[in-house]
Amino acid sequence: MKLSRRIKQLTRGDGDGWDVFYRARRMITEGLAVTELTIGEHDIRTDPSILRAMNQSARQGHTGYALVPGTDLLRDTVAARVQTRTGVPTTRNNVLITPGGQSALFAAHMAVCDPGDVGLYLDPYYATYPGTIRGAGAIDRTVQTTAKAAFQPDPQQIEAASDGAVSLLINTPNNPTGVVYSRQTLEGLADVCRKRDLWLISDEVYDTQVWDGAHISPRSLPDMADRTLVVGSMSKSHAMTGSRCGWVVGPEKVISYLITLATHTTYGVPGFVQDAAHFALTAGDELENSIASPFRRRRTLAVEILSAQTTVGLVPAQGAMYLMLDVRATGLSGLEFANALLDKRRIAVMPGESFGTAAKGHIRVAMTIEDVRFASALKTICDFAKELADQNAAE
Ligand code: PMP
């Protein structure tokens, strides 16, 4: 039987960049002790206070169909949060609650891309981006960022690549690089969007994880609220990855179409999950900070460890739960280095090549294990890189 091109071409079939991860998982199943610094998931679970709110809501009967756009309570809370952070008037009519940020990314592209339109995004990129754009029927086109420019995008390059494009997808704080886009970068990107009439799809799921500088939402920039779709999520800010609760914030007209899309796809998000999200978002900064603080601590440890050696380079680690390390001095690609590190030192990291081509010769390290083990693993990575670099220099 025939299958659709859309479903068959969601990924390019050239491996999904997760081979090292799967190999590490197999080794663990076989009983080997492997330190995993691969996926972006907290080492803590959802806070018991959030689970209590979820349980209470479910027991009180919020287990039927919830309103498709989201509960009034959660939409109002998200709107108020976005308004406080951007200064842009925002109401529940600007908010659609979605089953996680991933679903929001897909919905945003469905709203603005016709089949054959180009959706731009930046390399290195979060693994699902190309498939999300293609899934919405559009042609995915990358624009490279460079290690030399600390992976800050270059607006001129984006403009040069914008023929046929209708949207630009950005992510700050960034996965996989850990870079936070500067005001200058964002203003440059906003200029290109206005000039080339592009929608800006702004993935801000790491907005509570900023270690250096400040997160700026492009929704706050002049004349951008009408052409920006902000993607947010409870996953990273509140360690609620499994609860699947996120949102799109954008112009009312777009949100009303997205509500129709949700009616025909997800049919909303469980009410008890939304009530838990509402509780979490209104529980105050302390809860939010307690979830971000382990990464903040480990990032400080990492800067210390990395600055005591010269083999491995650290891309400015300004935000998110990852470090992007430059291992080019070893003479190996990121993939070769990651495979060797797994075989020889039993540490699993993601090769930079898993995220496109711009981060080749790099590895991404997730700061998702307890501090002492994390620091020790980082030292091992640096020592291993030094051994390889010395060998490389001697050859
Ligand atoms: N965007 C980025 C950059 C991510 O790293 C992730 C998850 N790893 C998501 C979106 C999706 O997150 P979720 O669907 O859990 O909200």
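Keeping all protein chains in position, work out how much accessible area TRP18 exposes to a 1.4 Å probe, and write it in Å² to the nearest 10. Using a 1.4 Å probe on the heavy atoms, I get roughly 50 Å². Against the chain, whose longest principal axis comes from its Cα atoms, helix 19-29 is set at around 80 degrees. Classify the range 110-258 as rounded, prolate or oblate, taking a ≥ b ≥ c as the square roots of the eigenvalues of its Cα gyration tensor: rounded when a/c is under 1.5, otherwise prolate if a/b is larger than b/c and oblate if not. Here the range 110-258 falls in the rounded category. The residues of the range 1-99 present an accessible area of 64 Å² per residue when probed at 1.4 Å with all protein chains retained.
Using a probe of 1.4 angstrom, how much of the accessible area of the chain is carbon and sulfur, in percent?
Working: 8890 of 17270 Å².
So the carbon and sulfur contribution to the accessible surface is 51 percent.
Springs between Cα atoms under 10 Å define the GNM used for the chain, and in it the highest mean-square fluctuation of THR263, THR177, THR311 occurs at THR263. Any chance you could give the angle, 0 to 90 degrees and rounded to 10, that helix 271-282 forms with the longest Cα principal axis of the chain? Rounded to the nearest ten degrees, it is 70. Per-residue 3J(HN,Hα) values for the range 140-154, derived from phi via the Karplus relation 6.51 cos²θ - 1.76 cosθ + 1.60 with θ = phi - 60°, read 8, 10, 8, 10, 6, 10, 10, 4, 4, 8, 6, 6, 7, x, 9 Hz in sequence order (x marks Gly and Pro).
For the chain, modelled as a GNM with alpha-carbon contacts under 10 angstrom, which of SER49, SER243, SER235 fluctuates the most? For the chain, modelled as a Gaussian network with Cα springs under 10 Å, the answer is SER49. Springs between Cα atoms under 10 Å define the GNM used for the chain, and in it the highest mean-square fluctuation of ARG227, ARG23, ARG219 occurs at ARG23. Once you have a ≥ b ≥ c as the square roots of the Cα gyration tensor eigenvalues for the range 1-145, tell me rounded if a/c is under 1.5, and otherwise prolate or oblate according to whether a/b is larger than b/c. Because a/c hits 1.5 or more and a/b fails to exceed b/c, the range 1-145 counts as oblate. Rounded to the nearest 10 degrees, the inclination of helix 252-263 to the longest alpha-carbon principal axis of the chain is 80 degrees.
Heavy-atom accessible area per residue, the range 259-352, 1.4 Å probe: how many Å²?
41
When Lys and Arg each count +1 and Asp and Glu each count -1, what net charge do the other residues less than 12 Å away from ARG134, Cβ to Cβ, add up to?
+3
Bridges between two residues of the range 64-285, per DSSP, are antiparallel at a rate of about 30%.
Non-local lysine pairs in the chain, meaning eight or more places apart or on different chains, with alpha-carbon distances under 19 Å, amount to 4.
The values are calculated or read from the model by the stated rules, or taken from the named source; none is laboratory data. All of these numbers come straight from a predicted model, not from anything done at the bench. Neighbour counts are summed over all protein chains in view; Cβ atoms, including those assigned to glycine, are modelled from backbone coordinates with ideal geometry. Accessible surface is based on the protein model in full, side chains and every heavy atom, while ligands, DNA and RNA are left aside. Shrake-Rupley method; radii C 1.70, N 1.55, O 1.52, S 1.80 Å.
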